[in-house]
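The values are calculated or read from the model by the stated rules, or taken from the named source; none is laboratory data. Predicted, not measured: the structure shown is a model, and the values here were computed from it. Cβ placement follows ideal geometry from the backbone for every residue including glycine, while neighbour counts extend to all protein chains displayed.
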Amino acid sequence: MSIAYALKRLLMALPTLLLVAIAVFVLMRLVPGDPAQLMLGDTADPEQLAALRKTMGLDQPLPMQFLTWLGHALRGDLGRAISNDEVVLPLILDRFQVTAAIVLVAVALAGLIAVPLGTIAAWKQDKGIDVAVVAGATLLLSIPSFWLGLLMLLFFGLKLGWVPVVGYVTFAENPWQAVTYIILPIVTLALIETGVLTRMARSAAIDVLRLEYVAHARSKGLSEFKVLGKHVLPNAFAPTLTLMGLVLGNLLGGIAVIETVFTLPGLGRLLVDGIYARDYPVVQGVMLFIATIYVLVNLVVDLLYPLFDPRVTAE
C-alpha cells in the first residue's frame, strides 16, 4: 500500500465526516419540539427556558449553532443526558464496548466460515456441495435475526438451561459469566451474516476461477488445493472484505434488535431508549458516533484493500 493512496483515502474521509456531522445536526433540528423545553420539562418558566437556550446556543442562527455544536463535539463534549444527567460521551463508550465485543467476534466468525465455504462452492459450481452451500446461505439470509435469537433463547436458555436468558454481566465483574451472556448473540449474528458473506465469497471466487492465470496455474501441474489457496482465495477475498466492512460498520452502529431480544446494554439499545425518552443529547450523540464509526470502518477497509488487490494502488 503506497503512502499516496493512504493519504488520498484519509483526505477523502474528512469531507465525509463533515457531511455526516451536518446530516446529524439537520436531522435533529427537524425533530418536533424544543430541546430546552424537553430538558427542563413542562413546568419550566420562560426565564429558565431562555437561559438554557442561551447556554445551548439555541438563540443563535443555525449556522452558528452548528459551528458551536461541532466545536464541542470535536473536543469530545456531546452534552449531558436528560434522563440521568450523565455525560453523553462516556455513556456511549461504555455501551459501545458491549456492542463491539459481540459484533467483532460475530463478523470474524462469519468471515472464517463464509470465505472457505464460498470458495469451495465456487470450485464445485453446480455440483451437490455448491447447491447445499447456496441453499444454506439463502436459508440464513431469509431468517429474521430477532426470530433466530428468540429460538436460541428458547432452546439453549429455557429448555436446556445452558445460558441465562435475561441480564448482563461485564467482563470486569466475571469474565466467564460474561461469556455466557454474549455467546448466543454472537452465534445469532454470525449465522445471519454467514449467509450474506458466503454468497459474496462464492460469486467473487467464481469470477476469479474463470481468469487465465488460474488456468495457467493448473497447467503447471499445481494441485487444486494450491490453486485455491494461493491463487483464488487471496484474489477473491477483496470484494468479500468490502462487504465485511459494510456489515461491520452497520452492526457496530447499533444492533438494536439483537440487544433488545437478549436484554443487552449496548449502543443500539441506548439509542432506542434515548428515542423513547426523547433524550435529545443522547440521540444526537449516538447518531453522530454511529455515523463516524461507519465512516472509519470503511476507511480502514479501503486502506486494507490494496493488500489483497494491488491493482487498486496501481490505478
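Within the stretch 165-188, which residues are touching a Gly at 6+ places or on another chain (Cβ under 9 Å), modelled with pLDDT of 85 or more and not aromatic (Phe, Trp, Tyr)?
Leu184, Pro185, Thr188
Could you tell me whether any residue of the stretch 248-258 is closer than 20 Å to Leu140 by Cβ, buried (at least 23 other Cβ atoms within 10 Å of the Cβ) and at pLDDT below 80?
Yes, some residue in the stretch 248-258 is closer than 20 Å to Leu140 by Cβ, buried (at least 23 other Cβ atoms within 10 Å of the Cβ) and at pLDDT below 80.
Picking from Val133, Val208, Val214, which residue would you name as being modelled with pLDDT of 90 or more, under 26 Å from Ala236 (Cα atoms) and touching a helix residue (DSSP H, G or I) at 6+ places or on another chain (Cβ under 7 Å)?
When all the criteria are applied, what remains is Val133.
Answer with yes or no whether Arg80 is farther than 30 Å from Ala135 by Cβ, among the charged types (D, E, K, R) and touching an Asp or Glu at 6+ places or on another chain (Cβ under 9 Å).
In short, yes.
More than 29 Å from Leu89 (Cα to Cα), touching a residue at least 60 places away in the same chain (Cβ under 8 Å), of a type in the set (A, V, I, L, M) and crowded, with 16+ Cβ neighbours inside 10 Å - does that describe any residue in the stretch 273-289?
Looking through the stretch 273-289, none of the residues is more than 29 Å from Leu89 (Cα to Cα), touching a residue at least 60 places away in the same chain (Cβ under 8 Å), of a type in the set (A, V, I, L, M) and crowded, with 16+ Cβ neighbours inside 10 Å.
Against the definition (farther than 30 Å from Leu209 by Cβ, polar (S, T, N, Q) and assigned to a helix (DSSP H, G or I)), how does Gln65 come out, yes or no?
Yes, satisfied.
So which residues in the stretch 182-202 are among the polar types (S, T, N, Q) and more than 11 Å from Ala137 (Cβ to Cβ)?
Residue satisfying the conditions is Thr188 alone.
Return yes or no: is Val87 within 30 Å of Ser203 (Cα to Cα), surrounded by 14 or more Cβ atoms within 10 Å (Cβ to Cβ) and under 25 Å from the mean Cα position of the chain (by Cα)?
Here the answer is no, as Val87 does not meet what is asked.
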